[in-house]
Amino acid sequence: MTQRAIALAIFVGTMWIVRAIDTVRGGMGEGIVPRRPEGLVGIVTAPFIHASWSHLIANTIPLLILGALVLLRGVGEFVTVTTICAVTAGLGSWLFGSFGHHVGASGIVFGYVGYLLFRAFFDRSLWSALITLVVVAMYGSALLISLVPSSGISWTAHFFGFVGGYAAARVLRTPDVD
């Protein structure tokens, strides 16, 4: 196994371990509780907490696909992109989220989508443009639907995760070579 595959396996595997522990325990962690000081810890923990096995599976598949695409540029870039997306999605949910507990890795999923889409804009490379086309074909309609507020889904995590993806693409852009 390469370092890239190991990094992705550890990241997603941790979510599965947390879900298994929550199942045995009969509950789940709190995640992000908007505008409450104790809810700030959820910015770090929420991506690893999922409300159900189906919620986890729904996030796992795009995390594996999109995470692998992010990992094409190396483990360091994967860690940076994931961190920027998680923190941006988490802070956005904490500041603007509806009441309740916000959990799940969908903010990171939408962050990966944003990163992969905007990376082509900043890099202006054929390879990045091809990846953008694949991402749009696979996730374009889901992106549009999931950024609209709906009951039971933290659209704020989706929206701010996407914004975090833009920020990560901007921060990690390839410098112009003259």
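Rounded to the nearest 20 debye, the dipole magnitude of the chain is 60 debye, with +1 charges on Lys and Arg beta carbons, -1 on Asp and Glu beta carbons, and the Cα centre as origin.
Helical runs assigned H by DSSP (4 residues or longer) give the chain a calculated mean residue ellipticity at 222 nm of -23500 deg cm²/dmol, each run adding -39500 (n - 2.57) before division by the residue total. Relative to the current alpha-carbon distance between residue 53 and residue 91, full extension at 0.36 nm per residue lengthens the span by 11.2 nm. What FRET efficiency do you get for residue 79 and residue 170 if R0 is 22 Å and r is their Cβ-Cβ distance, rounded to the nearest 0.05? Once the sixth-power term is evaluated, E becomes 0.80.
For semi-axes √(5λ) of the Cα gyration tensor in Å, the value computed from the atomic coordinates appears in the list (i) 24, 18, 16; (ii) 27, 18, 15; (iii) 39, 23, 12 under label (ii). Counting alpha carbon pairs within less than 8 Å and at least 6 residues apart, what relative contact order, in whole percent, applies to region 30-178? Value for region 30-178: 31 percent. Under the simplified labelling scheme, the residue 2-residue 14 pair shows an inter-label distance of 2.2 nm, with each label point 7 Å from Cα along Cα→Cβ.
Since every read-out is calculated from the coordinates, none of them should be taken as a lab result. Predicted, not measured: the structure shown is a model, and the values here were computed from it. Please note: Cβ atoms are built from the backbone with ideal geometry, for glycine as well, and neighbour counts cover all protein chains shown.
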